[in-house]
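Notes follow once the structure below has been shown.
The values are calculated or read from the model by the stated rules, or taken from the named source; none is laboratory data. Keep in mind it's a predicted model, so treat the numbers as computed, not measured. Here the Cβ positions follow ideal geometry from the backbone for every residue, glycine too, while neighbour counts run over all protein chains shown.
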Amino acid sequence: MFDSVFTAAEYLTDGMNLLFLMLGVVVGIIFGIIPGLGGATAIALLLPLTFGMQAEQAITLMGGVMGAVTIGGSITAILLNTPGTAPNAATCFDGYPLTRQGKAGMAIGAAVTASSIGGVIGAFILILLLPVAKNIILYFGPPAYFMLAVLGLTALTAASSNLLRGLVGACLGLFIGFVGYDDMGGATRYAAGVDYLWDGLSIVPVLIGLFAIAEMLKLYVMGGSIAKTGETGNLGVSGTLEGIKAAFRHFKVILSGSAIGAVIGTVPGVGGTVASFLSYSFTLQTSKDKQNFGKGDIRGVIAPEASNNAKDGGSLIPTLAFGIPGSAEMALFLGVLILHGMDPGPMLLLEREFTIFVLILALLAATLVSGVIVLLTARYLIKVTFIDSAILIPSVIVVSLVGAYALHNSIGDVFAAAFFGVLGYLMHRFDYPRITLVIALVLGGLMERNYFQTSLMYRGDWSKAFGDTPFVILLVLAVLALLMPVISSVIKRKTRQSV
Amino acid sequence: MISRRLKPGLIVAVLVTVFAALLLITAYSYQGISGTFPQLVGWIFLGLALLEVGVQVFAARGHTQTAKHRDSETEGVSLRKELKAFGWLGILLLSLYLIGFMLSTPLYVFAFLRLSGQRSLAMSAAISVGATAFVYIVFVQLLEYKLFPGILLMG
């Protein structure tokens, strides 16, 4: 394992790879800062640029984005009371009051330090847990792989805003995955006589459509969430050193926040927002002096920021080890892996150790580098949020469509991206989660393959699968995941009644 | 009022159900193992879609909180603006198909900024040139992609 770590470190320090990392970091910070865009859109837009790259270079670029995006998001949360990404929302509680007290620099210093240390802790937890995950995978056969894909779908669906519509979205995603020639049965499915569909839908135009184009349509219709108010001229960001010192003074808060982030990150679908709010409330509950929380307590900035970067390490565990993406960002990241010939799922961990360590180290480096960049340039970076949405929309749509075309030089991919852009917008509009569709699309192949292998193994008698322990454990977890919204609403009702 | 606003949700649910039924029927046209898994997923899809129709009908009667949720969600969304958004996308697709990327990019960005963004002539021109330069430098020069020239300009 350590050989792979050193080789990966050496790889990342190579001039060209370092350049990709820096590009990822800069894009990540900018997309993190602009409210409403975030990591998923950044990855969707950068996907086409990776076509000609080696797999590890593409992963370095994406690692740069993922490591930087939450740090970027904290800047607007602190200075404009507008979280750049959803997990930064908890930072607003105390970050913005600090800005109003003229301590924006201190808040940024503390946020960036906590976020960077959180990212490092998350990455180390990932490195420590990967060998454990590897050993678990060796016990998995086709029934367990099938149930793993089912668990991935149900866990994310249960965590989505609407369980029923999440499941509908997942079924739709599976059907999109069926389109094209079926290797196992030899039939061409759901192609409707359209030549373009015979090879199936490529994941890249689907992702570009669902995330980049749909977001721009949303921005056009809703008027966008790009900051429209606030004065950048009066934002003093001096005092960052004091913020860094404050972060180290409250190192316990960083440690607890990072631990919460890393643990929550491993649960598919729960994500950074829950982690940062949980970390904030944990710090609030365990603090002796609580009176300043919400009014500008530096611990209220440190706690959520430490957790929302540490969760990246945690959420990579189910993504890399089991092929279950924990968030939209991770689902898109799996799209990058597929594009570069890597099958998401357990074999990835066993066969591509070097690639995985490149990703972990890229994430680690990105958190540190983006922290430094943000500390030095915060007052200038904030101006990015004032980019006119009228400029952003046509530019992003054009670049997205060029990117969709570039993969196969196919104009069909351009139409597919536009179609999924409209579909993505409509899904958002009618509250059908897009994430479950994407995950079903990503996991569909694994699911169908293992469904058949299991059917063949047991000659169609699925009751025999209950003799397979990993299958049973995963089945119980999948059922629990589906029941979770019901259980939590019952608990809430009982709590309300007892009050 | 509430039931009027709930209609789009119900319409969507019905459309999804019809779509699920079509997918399921199609799944039975595939021979052997090609049809097995789509059939299984199809039945689940149809069941879920019907359940959603039920939820929508129930919500339309004001029995669940979904109504309130739906209300707040659809508030402020104008159908006209949505159609305009899709229209702009459609125009871009048509133009890409006819005259390709390198001509469509400046024309589309310029037209969007002038007509939808109400930006000045100089600003619209500058940004459209910038966007085209970005596409050309990154995709054509650096990544060496051959962009679609459009069916009208194909040699």
Review point. Could you say which residue among A:Leu201, A:Leu163 is of a type in the set (A, V, I, L, M, F, W, C), more than 9 Å from chain B (Cβ to nearest Cβ) and under 21 Å from A:Ala404 (Cα atoms)?
Key: A:Leu201
Practice item. Please work out if B:Gly90 is out of contact with any Phe, Trp or Tyr (no Cβ under 9 Å at 6 or more places or on another chain), within 30 Å of A:Met427 (Cα to Cα) and facing another protein chain (nearest Cβ under 7 Å). Key: no
Check your understanding: Within the bounds of segment B:119-134, is there any residue that is out of contact with any Gly (no Cβ under 7 Å at 6 or more places or on another chain), buried (at least 16 other Cβ atoms within 10 Å of the Cβ), at the interface with chain A (Cβ under 7 Å from one of its Cβ atoms) and in a helix (DSSP H, G or I)?
Key -> yes
Exercise for review: Name the single residue, out of those in segment A:413-465 being buried (at least 22 other Cβ atoms within 10 Å of the Cβ) and aromatic (Phe, Trp, Tyr), that is nearest to the other protein chains (Cβ to nearest Cβ).
Suggested key: A:Tyr451
Practice item. Assess whether A:Val476 counts as being among the hydrophobic types (A, V, I, L, M, F, W, C) and without any contact (Cβ under 8 Å) to a residue 24 or more places away in the chain. Key: yes
Review point. Considering only residues of segment B:71-100 that are surrounded by 13 or more Cβ atoms within 10 Å (Cβ to Cβ) and more than 20 Å from the chain's Cα centre (by Cα), which is modelled with the lowest pLDDT?
Key: B:Asp71
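Quick one: is A:Gly152 of a type outside the set (D, E, K, R) and over 30 Å from A:Lys464 (Cα atoms)? Reasoning before the result, please.
On the way: of a type outside the set (D, E, K, R): yes; over 30 Å from A:Lys464 (Cα atoms): no.
No, not satisfied.
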Practice item. Could you list all residues from segment A:200-251 that are within 29 Å of the chain's Cα centre (by Cα), at pLDDT 85 or above and surrounded by fewer than 16 Cβ atoms within 10 Å (Cβ to Cβ)? Key: A:Phe248, A:Phe251
Check your understanding: Among the numbered criteria (1) more than 25 Å from B:Tyr145 (Cα to Cα); (2) buried (at least 24 other Cβ atoms within 10 Å of the Cβ), which single criterion is violated by A:Asn81?
Key -> (2)
Practice item. Out of B:Leu147, B:Leu113, report the one residue that is of a type in the set (A, V, I, L, M), facing chain A (nearest Cβ under 8 Å), surrounded by 18 or more Cβ atoms within 10 Å (Cβ to Cβ) and closer than 17 Å to A:Pro48 by Cβ. Key: B:Leu147
Revision key, fill the gap. The one condition A:Ile397 fails out of (1) modelled with pLDDT of 90 or more; (2) surrounded by 21 or more Cβ atoms within 10 Å (Cβ to Cβ); (3) more than 7 Å from every other protein chain (Cβ to nearest Cβ) is (3)
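List the helices (runs of 4 or more DSSP H) inside segment A:316-382, counting only whole elements, that have at least 1 residues being in contact with a Ser or Thr (Cβ under 9 Å, 6 or more places away or on another chain) and modelled with pLDDT of 80 or more.
On the way: elements: A:328-339, A:346-351, A:353-381.
The qualifying helices (runs of 4 or more DSSP H) are A:328-339, A:353-381.
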